[in-house]
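All of the numbers you see were taken from the coordinates with simple rules; none came from a lab. Just so you know, these numbers come straight off a predicted model, no measurement behind them. In this analysis, Cβ positions are derived from the backbone assuming ideal geometry, glycine residues included, and neighbour counts consider all displayed protein chains.
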Amino acid sequence: MVNVLDIVEDEYIHPGTRMCAGCAMALIYRFALKALGPKTILTVPASCLTVLHGMQGFCTTKLSVLHTPFATTGAAASGIVSSLEEKGLADEICVVAFAGDGGTTDIGIQALSGAAERGTNFIYACYDNEAYMNTGVQRSGSTPLGAFTATTPGGKTRPKKNMPKILEAHGIPYVATANGSYIFDLYEKFQKARDIKGTKYIHILSACPPGWGYDPKDTIKIGRLATETGFWPLYEVFNGKFILSKPSKKHLDASNRKPIEEYLIAQKRFKDIKQQDIDNYNSFIEAQWNEIKRRLENQ
Amino acid sequence: MTDLKKDYQKILASVQKPVIGEAGKTGTWSRLKPVIDLEKCIPAKSGKFSCFNCWLYCPETVVSREIPPKINLEYCKGCGICMEECPVKAISMEEVKYE
Ligand SMILES: Cc1ncc(C[n+]2csc(CCOP(=O)(O)OP(=O)(O)O)c2C)c(N)n1
Ligand code: SF4
Ligand code: SF4
Ligand code: SF4
Ligand SMILES: [Mg+2]
């Protein structure tokens, strides 16, 4: 695994952005761009990430970014890839779509699925703060069970959509999960994805202080708990092979997983969570890890 | 008559200008700022390039990866992540005056 000195020192985002203090997405984007390097063209739909890039006239990032309407991210990326192919630059320049969970699991799923089915040579990264944050915390398909949002005042009654699995079903060469609290793992996954041909999908859990309801200083801790409880395992599916990532390996043993309550009670969005929902979390986590074990044994 | 093509190129050039402090001096967002105790800080004490958790986890890219690490308080939002993630508790959040 890379260490702190292996990471590129160049920064691609200038300080002084509009992101909230303690925003994990800003951190995730920072290291994704470092791993991708300067020969990258990005496309971004409406989201907090749009705002990070700044208002008209000035921008914060040193790379080319095409802002695209909500539903079109996958199509916009395919368009950029086609034009690069036409110019003979497709092998040199990496095309990356970066979108929120609303823009991925709900609004952009059709264009993304189309691009994946066509085998468009690009990386699609979804930073998942588990709601429509930029418009004031409305629930998305990626909001987890029991979470309070502006549109789920009693807590969400449906579980989180499993987007990495949906992308895996497209038979693309690379699907990975990541987490803003595991920077080295995230950095390596972007570096790896950059060198694979075809459609690559990386789904990154992205803690959000105002949307989740915790002190900004705790962003890394909260994100870490999602993985330490076994709720958000880190893995890759590379050419059909399932690989459990290093930070998650010890959680194969259930006794090494922290109780899910530790993660839930640290966030105000779960303050009214019912025992029944906690039970559902526990059975979900158990089933998820049984499946991981099965996959590791049968390949 | 205006030269539309030229105007368009001008707009494009301005749209694409990356600047520091696009959102203004974000250091004004918070009263409390991180202060590093160099007697505790691992690279400052050992003179070796190691740790740099404060550089690693800063979402605002305002910490430098040097010995000792420096924090650009003009843009630091005072989130406190660096304080939480410092393995030796060398960082505390204080009211400091800066230029
Ligand atoms: C077609 C369309 N519908 C609605 C909006 C308003 N809108 C802008 S950002 C946003 C939320 C995006 O949520 P998500 O993709 O999860 O990203 P986040 O803001 O959470 O980072 C919405 C609803 C829009 N810009 N375009
Ligand atoms: S609302 Fe959440 S995701 Fe959006 S800028 Fe603030 S912390 Fe980041
Ligand atoms: S995290 Fe703490 S010990 Fe490590 S470099 Fe920063 S101040 Fe020094
Ligand atoms: S308080 Fe937050 S913004 Fe300021 S240096 Fe520490 S991590 Fe960066
Ligand atoms: Mg979101």
Check your understanding: Based on the Cβ-Cβ distance of residue A:298 and residue A:62, what FRET efficiency does E = 1/(1 + (r/R0)^6) give at R0 = 56 Å, to the nearest 0.05?
Key -> 0.80
Point to revise | Spin-label proximity, residue B:29 to segment A:205-230 - amide N less than 11 Å from point 7 Å beyond Cα toward beta carbon | key: A:209-210, A:216
Point to revise | 10 Å Cβ neighbours from other chains, averaged over peptide A:50-61 | key: 4
**Study point:** Using a Förster distance of 22 Å, the FRET efficiency for residue A:39-residue A:6 (Cβ separation, nearest 0.05)
**Key:** 0.70
Practice item. For peptide A:20-29, compute the average count of partner chain beta-carbon atoms within 10 Å of each residue's beta-carbon. Key: 5
Study note, to complete from the structure: Sorted by chain and then number, the residues having a modelled amide H within less than 5 Å of the amide H of residue A:66, at least 5 places away or on another chain, are A:42, A:43, A:44
Study note, to complete from the structure: From DSSP H assignment alone, runs of 4+ in the protein assembly as shown each adding -39500 (n - 2.57), the sum over residues rounded to the nearest 500 puts [θ] at 222 nm at -9500 deg cm²/dmol
Point to revise | Total formal charge among the other residues, if their Cβ is under 14 angstrom from that of residue A:84, Lys/Arg +1 and Asp/Glu -1 | key: -1
**Study point:** the protein assembly as shown shape via C-alpha gyration tensor axes, a/c threshold 1.5
**Key:** rounded
Practice item. Give the percent of DSSP beta bridges with both residues in chain A that are antiparallel, rounded to the nearest 5. Key: 25
Review point. Which order results if A:184, A:98 are arranged by neighbouring Cβ count within 10 Å, fewest first?
Key: A:184, A:98
Check your understanding: Whose amide H sits under 5 Å from the amide H of residue A:59, counting only residues 5 or more places off or on another chain, with H placed in the peptide plane?
Key -> B:17, B:19
Practice item. Return the sequence-ordered ³J(HN,Hα) values of segment B:88-94 in whole Hz as given by the Karplus equation 6.51 cos²θ - 1.76 cosθ + 1.60 applied to θ = phi - 60°, using x for Gly and Pro. Key: 10, 6, 7, 10, 10, 9, 9
Practice item. Work out from phi, with θ = phi - 60° and the Karplus expression 6.51 cos²θ - 1.76 cosθ + 1.60, the ³J(HN,Hα) of each residue of segment A:266-277, listed in order in whole Hz, and give x for Gly and Pro. Key: 6, 10, 4, 5, 9, 5, 9, 5, 8, 4, 4, 5
Practice item. Could you run the Karplus curve 6.51 cos²θ - 1.76 cosθ + 1.60 with θ = phi - 60° over segment A:135-142 and give me ³J(HN,Hα) per residue in whole Hz, x for Gly and Pro? Key: 9, x, 6, 9, 5, 10, x, 9
Check your understanding: Against the longest alpha carbon principal axis of chain A, how many degrees, from 0 to 90 and to the nearest 10, is the axis of helix A:183-194 turned?
Key -> 40
Exercise for review: Enumerate the amide H contacts of residue A:155 below 5 Å, restricted to partners 5 or more residues apart or on another chain; note that Pro and chain-start residues carry no placed amide H.
Suggested key: A:149
Point to revise | Among the listed pairs A:217/A:241; A:165/A:268; A:156/A:217; A:87/B:17; A:271/B:33, those beyond 32 Å (Cα-Cα) | key: A:217/A:241
Point to revise | Reference-scaled alpha-carbon Rg (2.2 N^0.38 Å with N residues) for segment B:35-99 | key: 1.01
